[in-house]
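Before any comments, here is the structure.
Any read-out appearing in this document is the output of simple, stated calculations on the displayed coordinates, not a laboratory observation. These figures come from a predicted structure and were not determined experimentally. Here the Cβ positions follow ideal geometry from the backbone for every residue, glycine too, while neighbour counts run over all protein chains shown.
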């Protein structure tokens, strides 16, 4: 490896003083200029002596000539690499192999260290994130299929009916034909509460009271039955409220609001003998959607006349002789029947409404000002709408064409998920009292449960199971 | 008298290997504690290097590090170990988040000819202490590990080392475009250990 050019170095001792430039690339390339090493030595040795009074870091280790040469003659080297002899190439390869690749072997234990335990780690992670600036928003997992499927044989495939409700005692009620079933979601037990006479049926609407004790059942015969689920007894029947079937029901404390095929909406005080307290006249066709706002101040109603009305409690006159109460707002923008109505849980004056097969739009209304805030064409008949209580999200259920459920981000209305398990149109939606689970019943005779609103962070509140046993009835004044 | 003081500071290859592997054991424990790879409660305090060090009580981790140390000492004594890397990875994605790099330079003279070097214990301990302090203070600039993590140890050995039965060849588990911080070094005169931590650049800084 001794370079031929180093012959001009006087003694071996002296050579040691001067750090040699790395000779490898030059040597291999055969581009070593004959002037190189002599210049190095001549220029450097005097500089060491002359400029000894100054501290110039590592000047001795630098080689200006070399640097200059490398800067100015890069071309020459490149040219040379193109015409390397096979021997030189082999040498280069060997060199690279020695220097780069095969220097070490990377080994790891076959047995990996134990993974930190999940729960403790999760706790640690939570304390870590809570103590640090802003926790990164975790992506929520949206299950793509239903968690559970129950059979719903004999379901009446009618868009205008509201035959599914989920009470605050965690019991779901569903009407299949003439029979009303109660499904306790805590233990999965099923009970058939009542089977209506053939002449009165089928059941066209069900609704749990706010306390989850009583259930109102609207019938095809225009009667409305009131049942106590703790004792499984019928409390009373409201006759003559409507002229035809009762397709929609909504509770506001002790007021049971009923919407009939005759287009009337009636407030019934279930405690009073003469139970009709208000009649809202405004719809010209069947009322198929009824929802009280969270505050109980406003009632939204949707009808087969493609209209949405907002009724205000404070404007209602209890004087029945006046004959009518005027609506606060009337929205005629939908082009088909409006069954899907949902009041926003985080903004009291926001209502979402969805139109039927010819409309396919979800519209958002400010019910104070009466303005339409947004409208989204979903491409399918909108059968139901539900807000997520924990996130700003809206779930819509669809009939023709998609027969799916769609989850939307509000207010951007970006579609987060589309769930297509149902094979026929979805008829009704209901939300569990904890807000995490959604039930959907469809014309394919299945009831599906979706954990679509479940959040991983939120600890699930424990809900009391409804007790239909004998002791529960003692708390009642009969 | 003179010979006695001298003998005190004598360091052999075997002793040096023991110091280095012990150092690695404590460093690994300290990293696992400070970076929150294992829960805080699973560590106990011990006095070491003039500092309060934390050692894991988790049996699994303990055995892992103990087995590791035995093997490392063996390689160190043979002068075959070039580098030890402690890798911290995301449990969920196995993405490498941090690499704690301990490069080891072994004096070949000592391994080949059995030359005995001199360096006082105290001095070595002082150097190690400085590294340990730095490891503990790394928390201030390293990005937060805000997800469950796991760790692994890689050993870079010479090519002629026979792979022990309990070990497998691994890739380098490199971080792409990492941020690197060099920490202090220590030198037993036989083994010189350079510490370097490289980590994934926090996207936050980029914005």
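Cβ crowding within 10 Å, taken as a proxy for footprinting-reagent exposure, orders B:45, B:173, A:339 from fewest neighbours to most as B:45, B:173, A:339.
Per residue, the convex hull spanned by the Cα atoms of the range A:183-245 measures out at 92 cubic angstrom. Relative to the dominant Cα principal axis of chain B, helix B:121-137 is inclined by about 0°. To the nearest ten degrees, helix B:59-78 and the longest principal axis of the Cα atoms of chain B are 40 degrees apart. Ranked by the mean number of other Cβ atoms within 10 Å of their residues, highest first, the peptides A:230-239, B:182-191 come out as B:182-191, A:230-239.
Per residue, what volume in Å³ does the Cα convex hull of the range A:180-319 take up? Walk me through the numbers on the way to the answer.
Details: hull volume 16.3 nm³, N = 140.
Per residue, the Cα convex hull of the range A:180-319 comes to 116 Å³.
Over all pairs of different C-alpha atoms, the range B:59-103 has a mean inverse distance whose reciprocal, the Kirkwood radius, equals 12.1 Å.
Beyond 27 Å, the tail of the calculated P(r) for the range A:152-450 holds 34 percent of the Cα pairs.
Here the relative contact order of chain B, from alpha carbon pairs under 8 Å that lie six or more residues apart, stands at 28 percent. Just so you know, the Cα atoms of the range B:10-199 work out to an Rg and Dmax of 16.3, 50 Å.
How high is the relative contact order of the range A:152-450, in percent, with contacts defined as C-alpha pairs under 8 Å that are six or more residues apart? Working shown, then result.
On the way: 876 pairs, mean separation 32.5, N = 299.
Once divided by the residue count of the range A:152-450, the mean separation gives 11 percent.
Fewest-first ordering of B:26, A:91 by other beta carbons within 10 Å of each residue's beta carbon gives A:91, B:26. Kirkwood-type hydrodynamic radius, the range B:1-111: 15.8 Å, calculated from all non-identical alpha-carbon pairs.
How shielded is B:164-170 by partner chains, expressed as the average number of their Cβ atoms within 10 Å of its Cβ atoms?
Average neighbour count from other chains, rounded to a whole number: 4.
Ordering B:70, A:149 from the fewest to the most neighbouring beta carbons within 10 Å gives B:70, A:149. Axis angle, to the nearest 10 degrees, between helix B:13-34 and the longest C-alpha principal axis of chain B: 20 degrees.
On alpha-carbon atoms, Rg over Rh for the range A:264-389 using Kirkwood Rh? Before the final figure, lay out each step's value.
Working: Rg = 14.5 Å, Rh = 14.8 Å.
For the range A:264-389, the value is 0.98.
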